[in-house]
Amino acid sequence: MARPGSDSMDRQMELPLLDAGPLPDAAGNRGHGPAVPADEPPARHWPPVHANSRRLQLGERALHYTLKRSPRRTIGFTIDDRGLTVAAPRWVTVGDIESAIGQKQRWIFTKLAEWQRRDAQRVLPALQWRDGATVPFLGKPVTLRLPSPTGTLLFDALTGTLHLALPDQADEQQIRDRVQAWLQTQARRLFAERLDVYAAKLGVRHKAFALSSANTRWGSCTADGKIRLNWRLLHFPLSVIDYVAAHELAHLKEMNHGPRFWQTVASIFPEFEQARATLKADARDTVPAY
């Protein structure tokens, strides 16, 4: 879920956009796709990460999966919209890997079926950037209107309307750019406020804060206190933003995702499990394409 950097000052913890697993329990074990222990590597020089597609016959069912070799010490399973990905150390044989898959095949096929059902229900029309379109803002739809009656950009919170200072003839690119700029301005202000709130609760101070446009993570925190939050979080309810803020700040005390880390998150944001579930379940449906 997270990758440490090459040295202590650059070490960084990340919160992926598509988080692959549930919370670990008190012993650090995850609720599904449990890791399978592997022997320690014979050398300290890690091989580069690489992946390949494979096919495994399990009884009458064929399973396609992606095998990634990585500097981890266990075999891990991830299921998302791309299917099954198995991450394993280089020194573990394919036979042992596929034996582990066979042991978890019931869970694997159940989760793959869940993803297929979810994708089938997610056939939504693409957002058209035009007058009258709606964009999610803090979990609620905001209607785009142009031109603005005041000649300036104006957000009416009571009616949920964003009046854009653009002419009637504005094209989709102009509208999209104007809305994105407004959202990023709101994100910069709101995220800074929420980080301050939870930093005070935790008794920590972050060194710097910046917005991120990453396509692979919601937030990140370096060991020297630099936090980045994805501006697209502004599409979600405030509870989700608070969860990610608390998550990244907790890394200032625990640069890992072990039991003590989650206890730290819970100490300042007890409702984090529900917010985390919302983020995972709604990520694909909530964030418009930019």
Applying the selection to region 165-184, what residues are among the hydrophobic types (A, V, I, L, M, F, W, C) and either over 21 Å from the mean Cα position of the chain (by Cα) or exposed (fewer than 14 other Cβ atoms within 10 Å of the Cβ) (or both)?
-> ALA165, LEU166, ALA170, ILE175, VAL179, ALA181, TRP182
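State all residues of region 81-106 that are closer than 23 Å to LYS280 by Cβ and loosely packed, with under 15 Cβ neighbours inside 10 Å; if no residue qualifies, say none. Steps first, answer last, please.
Let us first name the residues in region 81-106 that are closer than 23 Å to LYS280 by Cβ, namely 81-87, 104, 106.
Hits for region 81-106 are ASP81, ARG82, ARG106.
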The lone exception for PRO270 - which of (1) surrounded by fewer than 22 Cβ atoms within 10 Å (Cβ to Cβ); (2) under 16 Å from the mean Cα position of the chain (by Cα); (3) more than 22 Å from VAL135 (Cβ to Cβ); (4) free of Cβ contacts under 8 Å to residues at least 40 places away in the same chain it fails | (2)
Within the set of pairs 6 or more residues apart or between chains, which connect a residue that is not assigned by TED's automatic domain parsing to the domain that holds THR74 inside region 89-108 to a residue that is modelled with pLDDT of 95 or more with Cβ atoms less than 8 Å apart?
-> none
Set LEU195, LEU229, LEU234, LEU249: member being among the hydrophobic types (A, V, I, L, M, F, W, C), part of a helix (DSSP H, G or I) and under 16 Å from VAL287 (Cα atoms) | LEU234
Sort through LEU127, LEU144 and tell me the only one that's within 24 Å of ALA289 (Cα to Cα), under 29 Å from the mean Cα position of the chain (by Cα) and assigned to a strand (DSSP E or B).
-> LEU144
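Conditions (1) buried (at least 20 other Cβ atoms within 10 Å of the Cβ); (2) at pLDDT 90 or above, marked per residue:
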site: GLN186; (1), (2): no, yes
site: PHE191; (1), (2): yes, yes
site: LYS201; (1), (2): no, yes
site: ALA210; (1), (2): no, yes
site: ALA266; (1), (2): no, yes
site: ALA277; (1), (2): no, no
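Which residue is farthest from GLY139 (Cα to Cα), if the candidates are limited to region 213-236 and must be of a type in the set (Ser, Thr, Tyr) and surrounded by fewer than 18 Cβ atoms within 10 Å (Cβ to Cβ)?
THR216
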Of the residues SER267, SER220, which is in the same structural domain as LYS140 (by TED's automatic domain parsing), assigned to a helix (DSSP H, G or I) and among the small types (Gly, Ala, Ser)?
-> SER267
Top-ranked residue of region 86-119 - restricted to ones that are of a type in the set (A, V, I, L, M), under 14 Å from LEU67 (Cα atoms) and in a helix (DSSP H, G or I), ranked as nearest to the chain's Cα centre (by Cα) | ILE101
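In contact (Cβ under 8 Å) with a residue 60 or more places away in the chain, on the phi < 0 side of the Ramachandran plot and among the charged types (D, E, K, R): is that true of ASP224 in this structure?
Values: in contact (Cβ under 8 Å) with a residue 60 or more places away in the chain: yes; on the phi < 0 side of the Ramachandran plot: yes; among the charged types (D, E, K, R): yes.
For ASP224, the condition - in contact (Cβ under 8 Å) with a residue 60 or more places away in the chain, on the phi < 0 side of the Ramachandran plot and among the charged types (D, E, K, R) - is met.
From the list ALA210, ALA250, which residue is more than 30 Å from TRP129 (Cβ to Cβ) and either of a type outside the set (D, E, K, R) or outside the structural domain of GLN173 (by TED's automatic domain parsing) (or both)?
Details: ALA210 fails: more than 30 Å from TRP129 (Cβ to Cβ).
Exactly one of ALA210, ALA250 is more than 30 Å from TRP129 (Cβ to Cβ) and either of a type outside the set (D, E, K, R) or outside the structural domain of GLN173 (by TED's automatic domain parsing) (or both), namely ALA250.
The values are calculated or read from the model by the stated rules, or taken from the named source; none is laboratory data. Bear in mind that the values here come from a model prediction, so they are computed numbers and not experimental data. A quick note on method: Cβ atoms are made from the backbone with ideal geometry, for glycine too, and the neighbour counts reach across all protein chains shown.
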